[in-house]
Amino acid sequence: MSVKDWNSIKEVFTLCELWHAYGGDFKWPQVDEAFIKNDSISFEEKKCLISLLLLFKQNVSFVNELNLNEKLVSLKANVNAPHLVKSEDDCMIWSVTQNGCPSRNGKIFMFFNLSNEKKEFSLELKKLFCHKKDLLYVKDLWNDKDLFPVSQSNFFCQEIEAHCCRVILFK
């Protein structure tokens with residue numbers, strides 16, 4: 001699939017939403033690497049597509065210029081099948097667990113704002129976690145930055161700009 005602009009990136013998201021339950025080894029959607037050199041696609045839009053490709057275990061070795069950190073690149077090899085948590089109003093939240101025990105290795109949530117305006121995302125953590133400890137360690141994987149700890153009994157909220165994503169590890 002050739003990615004030329006933001007609308008074609010949104011088409012890839014639509015395909016993933018429609019087909020993720022049937023995906024098997026998740027070797028799709030195949031996206032050619034020409035988009036990385038495309039100046040009409042912003043850096044943040046490229047990050048959205050790269051995150052989605054990692055989620056579906058696609059090859060992203062061609063994106064060295066985006067300075068992917070090791071933790072983010074390891075997603076491709078070290079996560080289980082993706083789960084669509086929420087999809088509404090051009091907002092998508094996908095989750096994956098890292099291989100092994102989710103309470104020890106963590107759970108990753110990818111927040112995608114596919115709209116043309118800033119959006120508020122919210123996750124009710126008590127429905128998604130059952131750890132014995134109350135506080136969850138939170139890390140932004142794209143920025144390789146530790147965030148604030150959050151209680152499982154709270155909501156995790158993020159405001160995300162248009163055409164942007166956040167990849168957050170909770171553990």
*asked:* Contact list please: Cβ distance under 8 Å, first residue in segment 141-156 and without any contact (Cβ under 8 Å) to a residue 24 or more places away in the chain, second residue part of a loop (DSSP other than H, G, I, E, B) and surrounded by 11 or more Cβ atoms within 10 Å (Cβ to Cβ), pairs at least six apart or on different chains.
replied: D146/Y137; P149/Y137
*Identify, please: which residue in segment 1-22 is open to solvent by less than 50 Å² (accessible area, probe 1.4 Å), part of a helix (DSSP H, G or I) and touching a Phe, Trp or Tyr at 6+ places or on another chain (Cβ under 9 Å) and is, among those, modelled with the lowest pLDDT?*
H20
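Looking only at segment 134-161, how many residues end up being in a loop (DSSP other than H, G, I, E, B), touching a helix residue (DSSP H, G or I) at 6+ places or on another chain (Cβ under 9 Å) and either open to solvent by 30 Å² or more (accessible area, probe 1.4 Å) or of a type in the set (F, W, Y) (or both)?
Keep residues of segment 134-161 that are in a loop (DSSP other than H, G, I, E, B), which gives 134, 137, 141-144, 147-149, 152-154, 161.
From what's left, touching a helix residue (DSSP H, G or I) at 6+ places or on another chain (Cβ under 9 Å): 141-142, 144, 152-154, 161.
Still in the list and also either open to solvent by 30 Å² or more (accessible area, probe 1.4 Å) or of a type in the set (F, W, Y) (or both): 142, 144, 153-154, 161.
The total comes to 5.
Which of the residues spanning segment 110-129 are in a strand (DSSP E or B) and either buried (at least 20 other Cβ atoms within 10 Å of the Cβ) or modelled with pLDDT of 90 or more (or both)?
Step one: list which residues in segment 110-129 are in a strand (DSSP E or B), which gives 110-113, 119-124.
Those that are in a strand (DSSP E or B) and either buried (at least 20 other Cβ atoms within 10 Å of the Cβ) or modelled with pLDDT of 90 or more (or both): M110, F111, F112, N113, K119, E120, F121, S122, L123.
The values are calculated or read from the model by the stated rules, or taken from the named source; none is laboratory data. Keep in mind that this is a model prediction, so the values were computed, not measured. Positions of Cβ are generated from backbone atoms using ideal geometry, with glycine treated the same way; all protein chains shown enter the neighbour counts. These area figures cover heavy atoms from the full protein model, side chains too; ligands, DNA and RNA do not enter into them. Shrake-Rupley method; radii C 1.70, N 1.55, O 1.52, S 1.80 Å.
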